[in-house]
Amino acid sequence: MAALDHHAIGAAATLLWQHWTAGSRIPQLPSHCRPADRSDGYAIQAAVAALSGQRVIGWKIAATSQVGQGHIGVEGPLAGRLLSGRVTTITRQRQAPPASLAGNAMRVAEAEFAFRLKGSLPARERVYGLPEVLEAVESLHPAIELPDSRYEDYASVGAPQLIADTACACWLLVGEATEADWRREDLAAHAVHTSLNGQPSGSGVGANVLRDPRLALTWLANELRTYGQGLTAGDLVTTGTCVTPVAVAPGDTLRADFGVFGSLQVELG
């Protein structure tokens, strides 16, 4: 149960959404509506999503790697809602449109494994284990995230305020479901490479994501078991960056190569 009352939750959500739409920033939330813990943070985040008027089509997990945790100044992962107007699905018939960095202060790109669910993982008392979580997965997708924050110094505000700010969600590009038999692959050892303007810019493996992207997904199922309504069939979940976030700027072209699982390329405007 959130400690903040509904007036404070609404005030915080309104302020964050106003700055999101304006592309502006605040030092932190005012003391009267500042979340003190994860429960408060997720309550504000839910109100931000409601204010947006957009469908929640899934979740992102931030800070699943030590590099990611250091980047935003936290000690563990955070979950954030994905809004329908902020997710672009790329298919063979539909190339990625230019992704705007206008108003984006972070200006980094992240290569991530994403899962689409075919079954729900609702809130409950009993902890979810990996086999049950994997049974609920329909497909695996390559993805590129372009995160951002509504705080001037996002590395100093702490986890509850970052959660309130949808865990630094901004834009997500998702590729088609891989045709490779990903369930037989060792995702922890699987290599991911990025290139910027045709030059290598980063490499990593699935183990950089909470030791395995599947473990990150299991973490999320249990985080939302505790702080939300759980996961729903059809949800998309992107599990955090496998490579050190790549600094990008307008005019750049970024490519993320997941080997047999596919690749994505995006031009940045």
Q: Grab the other residues whose beta carbon is less than 15 angstrom from that of residue 63, score K and R as +1, D and E as -1, and report the net.
A: -4
(Q) Give me a comma-separated list of calculated 3J(HN,Hα) values for the range 144-160, in order, Karplus coefficients 6.51, -1.76, 1.60 applied at θ = phi - 60°, integers in Hz, x for any Gly or Pro. (A) 10, 10, 10, x, 6, 9, 9, 10, 5, 10, 5, 7, 10, 8, x, 4, x
Q: Report the relative contact order of the range 90-175, percent, no decimals, based on alpha-carbon pairs under 8 angstrom and at least 6 residues apart.
A: 34
Q: Go through the range 49-57 residue by residue and turn each phi into a ³J(HN,Hα) via Karplus (6.51, -1.76, 1.60, θ = phi - 60°); whole Hz please, and just put x for glycine and proline.
A: 4, 5, 5, 5, x, 9, 6, 8, 10
(Q) Skipping prolines and chain starts, which residues have an amide H placed within reach, meaning under 5 Å, of the one on residue 190, given they are 5 or more residues away or on another chain? (A) 206, 207
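Could you order 59, 171 by accessible surface area, starting with the largest, using a probe radius of 1.4 Å?
Largest to smallest exposure gives the sequence 171, 59.
How many percent of Cα pairs in the range 1-138 exceed 25 Å?
Working: 3613 of 9453 pairs.
Everything past 25 Å amounts to 38 percent.
Between beta-carbons, use under 10 Å as the cut-off and find the net charge around residue 265, counting Lys and Arg +1, Asp and Glu -1. Let's see the in-between values first.
Numbers: positive: 255; negative: 257, 267.
Surrounding charge for residue 265 is -1.
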Q: Please state, rounded to one decimal and in Å, the Kirkwood hydrodynamic radius that the chain gives when every pair of distinct Cα atoms enters the mean of 1/r.
A: 18.4
Q: Would you pull out the residues with amide H under 5 Å of residue 101's amide H, same chain only if 5 or more places away, H placed 1.01 Å from N?
A: 269
**Q.** Estimated D of the range 201-269 in µm² per second, where Rh is the Kirkwood radius over Cα pairs and Stokes-Einstein applies at 10 °C, 1.306 mPa s
**A.** 112
Q.
Using the Karplus curve 6.51 cos²θ - 1.76 cosθ + 1.60 with θ = phi - 60°, what ³J(HN,Hα) values do you get for each residue of the range 71-78, in whole Hz, with x for Gly and Pro?
A. 4, 10, x, 10, 9, x, x, 9
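Under the rule of -39500 (n - 2.57) per DSSP H run of 4 or more residues, summed and divided by the residues of the chain, what mean residue ellipticity at 222 nm is obtained, to the nearest 500 deg cm²/dmol?
On the way: 6 runs with 66 residues, N = 269.
It lands at -7500 deg cm²/dmol.
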Q. Could you give the distance between the Cα centres of the range 150-201 and the range 69-138, to the whole Å?
A. 7
Q.
Skipping prolines and chain starts, which residues have an amide H placed within reach, meaning under 5 Å, of the one on residue 137, given they are 5 or more residues away or on another chain?
A. 118
Q: Using a cut-off of 15 Å between beta-carbons, work out the net charge of the residues near residue 156 (Lys and Arg +1, Asp and Glu -1, residue 156 not included).
A: -1
(Q) At 1.4 Å probe size, with the rest of the protein present, what percent of the exposed accessible area of the chain is carbon and sulfur atoms? (A) 50
Q) What number, in percent, do you get for the relative contact order of the chain if the mean sequence gap of Cα pairs under 8 Å and at least 6 apart is divided by its residue count? A) 27
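Counting heavy atoms of the protein chains only and a 1.4 Å probe, report the per residue accessible area for the chain as a whole number of Å². Before the final figure, lay out the partial values.
Values: 11250 Å² over 269 residues.
Ligands and nucleic acids excluded, the result is 42 Å² per residue.
The values are calculated or read from the model by the stated rules, or taken from the named source; none is laboratory data. Everything quoted here is computed from the prediction, not taken from an experiment. A quick note on method: Cβ atoms are made from the backbone with ideal geometry, for glycine too, and the neighbour counts reach across all protein chains shown. Only protein heavy atoms, including side chains, enter the accessible area calculation; ligands, DNA and RNA are left aside. Shrake-Rupley method; radii C 1.70, N 1.55, O 1.52, S 1.80 Å.
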